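Here is the structure we will look at.
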Amino acid sequence: MSREASNVAFSEAQSLIPGGVNSPVRAFKSVGGTPIFIAEGEGAYLKDIDGNKYVDYVQSWGPLIFGHRDETIENAVINAVKSGLSFGAPTEAETQLAKLVVSFFDSIDKVRFVSSGTEAVMSAIRLARGFTGRDDIVKFTGCYHGHSDSLLVEAGSGAATFGNPSSPGVPADFTKHTLLAEYNNIESVRKCFKDSSDIACIIIEPIAGNMGLVPADKEFLAQLRELCDENGALLIFDEVMSGFRASINGAESITGTIPDILTLGKVIGGGMPVGAFGASAKIMAQLSPDGPVYQAGTLSGNPVAMAAGLAALTKLKKNARVMGVLEERGKRLVRGMQEAAKANGINMQIDNRGSMFGFFFNDNEVKNFAHACNSDAKLFAEFHSKMLDAGFYFACSLYETGFISTATTDVMIEDTINASKRIFKEIADAR
Ligand code: PLP
């Protein structure tokens, strides 16, 4: 498979854009090689500028639950574009999308739209601090909540990939209010509450997707709820990634734990830049212009983005049963790859939730970031590169999650498993 055009495009991009990319993990640094430059997407496939075709298990890092160029979403966007790209004034589409989003979750009465997950979480934290009048927050190592200053501490995703837990440029003063706890370890959270009486909120990815896929234990989430209630702190579920991916009604519906604030992104924009945060009417009343907690955005609630989100979520609501189909396909995929690995003496830990799937080359179960970091990164890089050459595009870091779309067929899943069989054998034979 030649990727000459991508190599040339990457060299040129590097001369103008730091690292040649506009979001670090795209640079393929942790797996080696050159990122492929995309010409177009269609359904479950990506085509690069050399004309190579790949089954896409990244799906733009989550948003495209219906695959590339879904007709309904595409038409909704085209229609919206014809009325104007942006007004900086209210449109009915914002209320319609708000009504739809709120209808999926018990936890939220009102929602505010922004343009990215980072913005959503940053604003949710400010809201929690404003509501409680407290400064400290608890976050978990390996959870990623976007790149705002106070959350870029021991974060997963790209930050983990680059071994850069706290970025230069973030003053220590800004992160001194961020207390760290270990995922799935309630004692570590209890310790935070012992150390501080000023905790505004706990923020967690209830189904973590940024240290690979590591779901929180049900019991652990229930204990977080209890701790928050006992101590007057708020519980924030960051479902920017898992929202409408792990379950149609959020982690709250599968775990039974209801958060105070919910953050969303990715799928709710149908592929356009949308993030959101929501809470009870009482908490949201603190938000500007109703309340004193300031938050704003020139392109927030952008009409084209709202149209894409409305189309995606309306379709999802009508076809809620696809979540079960996607979950089964994801399960088949990771089980098939795990069997293929095992047959060649390679241990793989697997998991999947809804249309999210994950795997680690690890002998032991992965319950937190330290476990995830014990995985075989070299083997992952080798596997990634060989699968790419075989026409299967997996996330280019072991700390990321894979995604199935409704366009991903059973045949594609079988093809992927078969390719993995061949590749694991190749890897084992070369050892
Ligand atoms: N929160 C979570 C759980 C995420 O997975 C991400 C991005 O992957 C973010 C927040 C940040 O979202 P964005 O990249 O849209 O700023």
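The values are calculated or read from the model by the stated rules, or taken from the named source; none is laboratory data. Worth saying up front: this structure is predicted, and the values here are computed from it rather than measured. For neighbour counting, all protein chains shown are included, and Cβ atoms are generated from backbone atoms with ideal geometry for every residue, glycine included.
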Residue selected from the range 245-268 under the condition in a loop (DSSP other than H, G, I, E, B) and either more than 16 Å from ALA120 (Cβ to Cβ) or out of contact with any Gly (no Cβ under 8 Å at 6 or more places or on another chain) (or both), by the criterion farthest from the ligand (Cβ to nearest atom):
GLY256
For the range 313-360, give me each residue that is hydrophobic (A, V, I, L, M, F, W, C), in contact (Cβ under 8 Å) with a residue 24 or more places away in the chain, under 16 Å from PHE424 (Cβ atoms) and not in a helix (DSSP H, G or I).
ILE346, PHE359, PHE360
Got at least one residue in the range 370-385 being charged (D, E, K, R), within 25 Å of ILE73 (Cα to Cα) and at pLDDT 95 or above?
no
When the residues of the range 225-244 are narrowed to those that are within 11 Å of the ligand (Cβ to nearest atom) and not aliphatic (A, V, I, L, M), which ends up nearest to LYS194 (Cα to Cα)?
PHE237
Just checking, does the range 94-106 include any residue being closer than 29 Å to ALA320 by Cβ, basic (Lys, Arg), part of a strand (DSSP E or B) and at pLDDT 95 or above?
no
For the range 270-279, does any single residue satisfy the condition of being within 13 Å of the ligand (Cβ to nearest atom), closer than 21 Å to VAL138 by Cβ and not in a loop (DSSP other than H, G, I, E, B)?
yes
Test: LYS139 is buried (at least 21 other Cβ atoms within 10 Å of the Cβ), of a type in the set (D, E, K, R), under 30 Å from ASP198 (Cβ atoms) and in the same structural domain as LEU227 (by TED's automatic domain parsing)
yes
Cross-chain or 6+ apart pairs with Cβ under 8 Å, the range 237-255 first and of a type in the set (D, E, K, R), then more than 15 Å from the ligand (Cβ to nearest atom)
GLU252/PHE105; GLU252/ASP106; GLU252/SER107; GLU252/ILE258
Of all residues in the range 273-293 being touching a residue at least 40 places away in the same chain (Cβ under 8 Å) and surrounded by fewer than 20 Cβ atoms within 10 Å (Cβ to Cβ), which is farthest from ARG134 (Cα to Cα)?
PRO273
Pair list, Cβ < 7 Å and 6+ apart or interchain, from the range 87-98 residues that are farther than 17 Å from PRO289 by Cβ to residues that are aliphatic (A, V, I, L, M)
THR91/MET306; ALA93/MET306; ALA93/ALA307; ALA93/LEU310; GLN96/LEU310; LEU97/MET306; LEU97/LEU310
Count - residues of the range 10-64 that are among the aliphatic types (A, V, I, L, M), assigned to a helix (DSSP H, G or I) and more than 15 Å from SER397 (Cα to Cα):
2
Return a yes/no flag: does the range 401-412 have any residue that is out of contact with any Leu (no Cβ under 8 Å at 6 or more places or on another chain), at pLDDT below 95, of a type in the set (Ser, Thr, Tyr) and farther than 23 Å from GLY345 by Cβ.
no
